[in-house]
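Report on one structure; see the data block that follows.
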C-alpha cells in the first residue's frame, strides 16, 4: 500500500504529538470555567487563601510551584478536593472543585483551552515551567537514592538520583538495584547517627535547599536500602 508523502508527514507529526505529554501550557480549563471558579473560590476558599503571590496562604507563584511542580493537574484537583474548604473538606460538588482548580491555574498564568477541566481529562496533564525544566523548587519534600559518604565532618550522598517528590517516588525492593545518578548532595541538619551506614546505598528524604537541591537537603530521614554502594 502506497502512502502519499503529505499523508505520511501528517501521520508522523500526529504520532510525535501523541508521544508528547500534555502540560498546563496546552490549556487544561476554559475561561468560562475559571469565571465560575472565581465565584466558588470567593464563597468557599477566600477566608483562608488568596489567589495572589502574597497574603494569607497564597496559592500563586512560589507557594504554588513549591507544592505542585512536577505533579499533575489531577494531583492538584485531588489536593483541593480533600483539603478545602477548611473545616469541611470534600463538602463541595465535583464541578465546584474543578472550577476552583481552573481559577487557580488561570491565576498562575497558565492559558485556557477549549475543554473544561475534569478529573477524567487531567490525569496526565503535567504542571511544569514553560521551559520544561524538571528541577524541583526549594523547600519541596523529596526523596533521593545514593551512596552515603563523608566530607570532613559533613554527610553527603554521592551518585545521587535526581530528587523526586517524596509522595510520588518509587519505593520498594527496586531501591537496591535501581540505577543511580552522578550528583553529590550535601545532607544538612542531620540529627541521627549515620556512622553505621557509611558506604551503604541509602534513601534520603528531606526538603530541598535551593532549587534542585543546589545547596543540599534538609534531612528528615535516612534509611539503608542495600549494604554496598553502588
Taking the alpha-carbon centre of each part, the distance from the range 71-102 to the range 202-228 in Å is 30 Å
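Just want to confirm a number: the relative contact order over the range 19-121, from Cα pairs under 8 angstrom separated by 6+ residues, in percent. Write down the numbers at each step before the final one.
Details: 133 pairs, mean separation 46.1, N = 103.
The value is 45 percent.
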The rounded separation in angstrom of the Cα centers of the range 111-132 and the range 42-60 is 21 Å
Expected max-MSF residue from 196, 57, 83 in the GNM of the chain (alpha carbon, under 10 Å) is 196
Taking r as the C-beta separation of residue 20 and residue 167 and R0 as 30 Å, the FRET efficiency to the nearest 0.05 is 0.75
In the list (i) 1.23; (ii) 1.01; (iii) 1.38, the entry giving Cα Rg over 2.2 N^0.38 Å computed from the coordinates is (i)
For the chain, the longest principal axis of the Cα atoms and the Cα long axis of helix 94-107 enclose an angle in degrees, to the nearest 10, of 80 degrees
Length-normalised contact order of the chain, Cα under 8 Å, at least 6 apart, in percent, tallies to 19 percent
For the range 19-121, the Cα convex hull volume per residue in Å³ comes to 93 Å³
tail above 19 Å in the computed P(r) of the range 62-193, as % of all Cα-Cα pairs, reads 60 percent
To the nearest 10 degrees, the tilt of helix 31-44 (Cα long axis) against the first principal axis of the alpha carbons of the chain is 70 degrees
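All of the numbers you see were taken from the coordinates with simple rules; none came from a lab. This is a predicted model, so every value here is computed, not measured. Methodologically, a virtual Cβ is constructed for each residue, glycine included, from the backbone with ideal geometry; neighbour enumeration extends over all protein chains shown.
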